[in-house]
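Here is the structure we will look at, set down as structure tokens.
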Amino acid sequence: MKHRALALWIALLVVGALAVSFITPAPLAAEEPQVYKVGFISHLTGDAAVYGQSLKMGTELAVDVINEAGGINGVPVEVIYEDDRLSAADAQTAFLKLVETDKVPVILGSASSTISLSLCPKAQEKKVVQVSQVSTAPALKDCGPYFFSVMASDTAQGPEWVKVAEYLGVKEAAVMYINNDYGIGVKDTFVQAFEAAGGKLLIVQPFELGGKDFRTEVLKVKGTNPPVVFIVDHVAEASIVFKQAAELGLKTQWVTDVSIVSPEVPQLAGKEAVEGIMGLRAGSSQTPEYQAFREAFLKKFGKEPTIWADFAYDAMMLVAKAIEKGGYTADGIQKALFEVAETYVGPSGAKKFDEYGISQGSYEWVVVKDGEWVLYEKAPSATETPSATETAQ
């Protein structure tokens with residue numbers, strides 16, 4: 001009796017297993033996501049937060065426009081913001097979190113060329129699209145097929161400085177540069193172009209990221225009595241340089257790179273220390289696209305567009321168009337970005353990518369007047385050379 005009961009129990013188990021195997025549904029096809037998640041890595045805190053927070057605002061504005069129009073084919077966009085604190089280690093941690101936990105196929109950032117370069121190998125390995133809004137070091141062209149930048153390379157910014165020197169009629173100049181990938185990139189391209197044009201460099205003076213006292217460097221530059229000093233820097237350090245240069249009596253025409261054309265510089269350095277400083281502004285504030293962006297930014301944030309917010313807006317819009325065209329996969333986005341950028345013109349200008357994924361770009365000349373950056377009146381208009389030079393990178 002026991003044997004028959006055991007046999008019956010086993011038979012029931014077998015029949016039950018077969019029944020389960022027959023009623024188990026086949027795997028379902030992958031469903032469309034409820035939301036398209038996009039990663040964002042930049043410096044949201046610390047001395048360089050002025051850049052990351054500005055890029056965040058530009059991105060937020062773009063997301064509002066996309067979602068208010070119904071999202072991408074009816075699917076809303078969500079950006080997941082991570083803080084790299086201007087640290088390569090923190091950027092790597094943020095990257096892995098976004099890719100492995102949040103499963104994003106595309107990441108926006110970073111504002112720093114050094115941080116972007118540190119992320120490149122991992123992005124290529126994981127096949128995640130990396131779209132930097134403003135990283136411009138020449139070495140970025142070697143990152144690989146999953147890297148894109150929506151701002152022109154430093155190989156364009158250096159020669160634009162030469163045009164400023166020619167306009168000012170100077171054959172001798174000094175250079176000060178922040179000792180990181182960005183600073184070295186701009187410095188190298190300018191030095192090469194300036195010397196090729198017959199210019200003489202009186203001194204090429206580096207200084208360190210995060211420094212608080214640059215009097216030694218300023219005094220070395222002052223000792224050469226330069227008619228013009230070209231400086232590539234970040235907002236925090238540049239503000240200190242200008243303030244200390246004024247205190248030490250350095251009388252010269254300063255010309256800045258694009259990263260210093262920010263309202264925070266006159267605020268931190270003091271209006272008197274920066275009055276008359278010239279600089280390059282990436283893109284053009286005179287286009288209809290920029291004016292429409294400016295109005296929307298004012299409405300959302302209650303202030304003028306912050307530095308490079310227009311580039312962040314364009315980066316997000318390009319990614320959205322690429323998802324719409326190529327699908328929500330890294331390979332689909334990567335391929336579609338080249339296609340959608342062919343005809344895209346946004347508030348920061350046209351965005352056609354070269355073979356390395358680097359955008360073309362333009363510049364306009366600006367100057368500090370009464371504590372504010374304004375268009376340089378004596379230069380040609382922003383639609384002519386040399387104040388806004390179109391460069392295909």
Where a ≥ b ≥ c are the square roots of the eigenvalues of the C-alpha gyration tensor, would you call segment 215-270 rounded, which needs a/c under 1.5, or, failing that, prolate if a/b is larger than b/c, or oblate? prolate
Chain lengthening between Asn225 and Lys127 when straightened (0.36 nm per residue, less Cα-Cα): 30.2 nm
Size of the chain along its principal axes in angstrom, Cα-based, largest extent first? 111, 42, 39
Each residue of segment 241-257 in turn: what ³J(HN,Hα) in whole Hz from Karplus with 6.51, -1.76, 1.60 and θ = phi - 60°, glycine and Pro shown as x? 4, 5, 5, 6, 5, 5, 5, 8, x, 6, 9, 7, 8, 7, 10, 9, 8
How far, in degrees from 0 to 90, does helix 330-341 lean away from the longest principal axis of the Cα atoms of the chain, to the nearest 10? 40 degrees
Taking the 0 to 90 degree range and rounding to the nearest ten, how far is the long axis of helix 154-168 tilted relative to the main principal axis of the chain, both from C-alpha atoms? 20 degrees
Return the FRET efficiency for the residue pair Asp370, Lys303: r is the Cβ-Cβ distance, R0 is 30 Å, and the value is rounded to the nearest 0.05. 0.95
Hey, what angle do you get for helix 288-301 against the long axis of the chain, alpha-carbon based, 0 to 90 degrees rounded to 10? 70 degrees
When the dipole is taken about the Cα centre of the chain, and only Lys, Arg (+1) and Asp, Glu (-1) are charged at their Cβ, what size is it in debye, to the nearest 20? 860 debye
For the cross-link pairs Lys103/Lys335; Lys200/Lys251; Lys127/Lys300; Lys171/Lys212; Lys141/Lys187; Lys171/Lys271, which exceed 24 Å when the distance is taken from alpha carbon to alpha carbon? Lys127/Lys300; Lys171/Lys212; Lys171/Lys271
At what distance in nm do the modelled label points of Thr343 and Gln267 sit from each other, each positioned 7 Å from its Cα along Cα→Cβ? 4.0 nm
Along the Cα→Cβ direction, 7 angstrom out, place labels at Thr329 and Arg294. What is the inter-label distance in nm? 4.3 nm
Can you give me the relative contact order of segment 201-332 as a percent, contacts being Cα pairs under 8 Å and 6 or more apart? 18 percent
Would you mind checking segment 131-155 for residues with the amide N under 15 Å from a putative spin-label position 7 Å along Cα→C-beta of Ala88? 137, 139-140, 143
Counting other beta carbons within 10 Å of each residue's own, what order do Asp83, Asp331 fall into, fewest first? Asp331, Asp83
Label point distance in nm, Thr45-Arg215, each placed 7 Å from Cα along Cα→Cβ: 3.2 nm
Do you know the relative contact order of the chain, to the nearest whole percent, from alpha carbon pairs under 8 angstrom that are 6+ apart? 16 percent
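Which shape class applies to segment 132-224: rounded if a/c is under 1.5, otherwise prolate when a/b exceeds b/c and oblate if not, where a ≥ b ≥ c are the square roots of the Cα gyration tensor eigenvalues?
oblate
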Given a cut-off of under 8 Å on Cα pairs at least six residues apart, what relative contact order in percent is computed for segment 243-297? 39 percent
Going fewest to most other Cβ atoms within 10 Å around each Cβ, Ser87, Ser149, Ser132, Ser362 line up as Ser87, Ser362, Ser149, Ser132
Taking the alpha-carbon centroid of each part, what is the distance from segment 83-131 to segment 314-364 in angstrom? 19 Å
Which of Val131, Val170 has the fewest other C-beta atoms within 10 Å, and how do the rest follow up to the most? Val170, Val131
What residues have an amide H closer than 5 Å to that of Val79, excluding those fewer than 5 places away on the same chain, when H is modeled at 1.01 Å from N in the peptide plane? Val38
With no solvent term and unit scatterers on the alpha-carbon positions of segment 191-345, Debye gives log₁₀ I(q)/I(0) at q = 0.08, 0.09, 0.16, 0.21 Å⁻¹ of -0.36, -0.45, -0.96, -1.24
Neighbour net charge for Asp310 - beta-carbon separation under 10 angstrom, K R +1, D E -1: -1
Could you derive backbone 3J(HN,Hα) for segment 319-328 from the dihedral phi with the Karplus parameters 6.51, -1.76 and 1.60 (θ = phi - 60°), listing whole Hz in sequence and x where the residue is Gly or Pro? 4, 4, 5, 5, 5, 4, 7, x, x, 8
In Hz, Karplus ³J(HN,Hα) per residue of segment 174-188 (6.51, -1.76, 1.60; θ = phi - 60°; x = Gly, Pro): 10, 10, 10, 9, 6, 7, 9, 4, 5, x, 5, x, 5, 4, 4
Hand me the GluC sites (Glu not before Pro) from segment 30-138 located in a DSSP loop with no more than 12 other Cβ atoms within 10 Å, in residue order please. Glu31
In deg cm²/dmol, rounded to 500, what helix-only [θ] at 222 nm does the chain give when every DSSP H run of at least 4 residues adds -39500 (n - 2.57) and the total is split over its residues? -14000 deg cm²/dmol
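Readers should treat all values here as calculations from the given coordinates under stated rules, not as data from a laboratory. Because the structure is a prediction, the values reported are computed rather than measured. For neighbour counting, all protein chains shown are included, and Cβ atoms are generated from backbone atoms with ideal geometry for every residue, glycine included.
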